[in-house]
1. Can you work out the FRET efficiency for the pair D57 and T201, with r the C-beta to C-beta distance and R0 = 25 Å, to the nearest 0.05?
2. Quick one: dipole size for the stretch 11-178, taken about the Cα centre, charges +1 on Lys/Arg Cβ and -1 on Asp/Glu Cβ, in debye to the nearest 20.
3. Determine, for the stretch 187-330, the count of lysine pairs separated by eight or more sequence positions (or lying on different chains) whose alpha-carbon distance falls under 23 Å.
4. Do me a favour and compute the ellipsoid semi-axes for the stretch 224-304 from its Cα gyration tensor, root of five times each eigenvalue, largest one first, whole Å.
5. List the trypsin sites (Lys or Arg not before Pro) in the stretch 240-272 that DSSP assigns to loop (not H, G, I, E or B) and whose Cβ has at most 14 other Cβ atoms within 10 Å. Which are they?
6. When only C-alpha pairs under 8 Å and at least 6 residues apart count, what is the relative contact order of the stretch 11-178, in percent?
7. Give the separation of the Cα centroids, the stretch 149-206 to the stretch 284-336, in Å.
8. When the Karplus curve 6.51 cos²θ - 1.76 cosθ + 1.60 is applied with θ = phi - 60°, which whole-Hz ³J(HN,Hα) does each residue of the stretch 77-94 get, with x for Gly and Pro?
Amino acid sequence: MALTFTTPNSHSRILSVGAYRPSRIIPNSEIVDRIDSSDEWIRERSGIESRRFAGPDESVISMALAASKQAISRSGLSVSDIDAVIVATITYPFQTPSAATELIMKLGNPKAAAFDISAACAGFCYGVGMAADLIRSGTATNVLVVGVEKLSDFTDPDDRGTAFIFADGAGAVVIGKSESAGIGPMIWGSDAESRDAILMTPSWIDLKAPGSVGWPDISMQGQTVFRWAVYQMAPVALKALDVAGLTPETLAAFIPHQANMRIIDAMAKSMKLPESVAIARDVRVSGNTSAASVPIAMDALLAERPDLHGKSALIIGFGAGLVYAAQAIELPQAPK
Ligand code: UT7
């Protein structure tokens with residue numbers, strides 16, 4: 001016999017966003033000596049002027065907790081209304097149990113479904129797409145999606161290719177049901193033949209070998225990733241707009257992964273975004289926070305431009321894998 005059920009929600013939307021930025025601000029001048037670089041070079045090549053590094057008292061969980069509490073409070077819901085938690089991260093220092101279970105336990109709702117996503121800088125957008133589908137199918141009612149990283153734990157401060165780029169922070173959104181379309185179809189995928197372009201090595205197994213020393217740090221073929229992002233990601237972003245019934249002319253905001261200012265500018269140019277589109281450029285003061293960068297940038301853009309609450313935006317994440325995901329969204333309404 002065929003299954004008989006109805007899908008209760010035709011749409012979902014982002015109800016609120018929250019963010020946590022570690023208190024320690026690190027200007028380029030604090031990084032340059034160890035990597036034989038200069039403030040000028042870093043600004044010119046990446047657009048980064050400063051970034052935040054978490055201190056010993058700021059962990060993946062404490063940052064995720066702060067961002068989540070802010071997002072939940074702004075949503076007008078309570079923690080008990082959240083029935084699923086998705087955490088996107090590559091820097092939670094335990095393989096299992098998940099960061100999501102530690103987070104939901106500390107939030108005070110240990111019965112919600114909880115799991116982590118390993119999709120690096122695309123992880124938050126993967127999570128938004130999954131949350132939207134969980135709600136539309138009736139599997140979940142309100143989903144907390146968190147992007148959080150403490151990349152300073154897994155970056156070699158002497159590596160010229162990564163030490164000035166990566167940073168720490170957390171962002172979170174609450175996604176719930178909606179009368180109208182608030183999250184467009186996700187355009188996602190991989191270019192896994194280039195998975196060597198960003199690696200975290202050595203593996204835990206290598207480190208277990210007797211006499212081995214070291215630590216898993218991220219290494220990156222910067223130019224390979226740069227070219228991929230500049231040439232391959234603009235078409236993905238345009239497709240995500242198109243399937244949601246939007247065009248560059250009707251879009252209000254563009255919130256790409258904050259990898260590098262030159263990538264952001266090249267994408268905007270290639271997409272032919274008109275002047276009217278507000279572009280998130282939080283990388284300047286936050287660096288590249290991988291899975292956390294899109295929600296942190298969303299929070300910063302809405303603080304700077306409150307008129308964008310409730311307007312359309314295109315979000316896109318891309319990174320290690322290589323993997324990517326993009327969707328058009330309606331930005332959350334202003335908190336009451
Ligand atoms: O979030 C995940 C996704 N990640 C990204 O999207 C990052 C993508 N990649 C990038 O953003 C850029 O590749 C970087 C910002 C990492 C590097 O910029 P680049 O313009 O690609 O630099 P490059 O590696 O091509 O190096 C250019 C020059 C070289 O010198 P020569 O050979 O031209 O004399 C490097 O040796 O700059 C030199 N260089 C540096 N100089 C000062 C490389 N790193 C540094 C440094 N400081 N830190």
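1. Values: r = 28 Å, r/R0 = 1.14.
That pair, D57 with T201, gives E of 0.30.
2. Details: 16 positive and 20 negative charges, 180 e Å.
Its charge dipole is roughly 860 debye.
3. Details: K239/K269; K239/K272; K239/K311; K269/K311; K272/K311.
Counting lysine pairs in the stretch 187-330 gives 5.
4. Numbers: eigenvalues 72, 53, 24 Å².
Ellipsoid semi-axes (Å, largest first): 19, 16, 11.
5. Working: sites: R262, K269, K272; in loops: K272.
Qualifying residues, ordered by number: K272.
6. Numbers: 365 pairs, mean separation 60.2, N = 168.
About 36 percent, as a whole number.
7. Result: 14 Å between the Cα centres.
8. In residue order, the calculated couplings are 9, 10, 4, 5, 7, 7, 10, 8, 10, 10, 10, 9, 6, 10, 10, 6, x, 10 Hz.
Quick note: the coordinates plus some simple rules give every number you see, no bench work behind them. Note that the structure is predicted; figures quoted are calculated from it, not measured. When we count neighbours, we look across all protein chains shown, and the Cβ atoms used for this are built from the backbone with ideal geometry, even at glycine.
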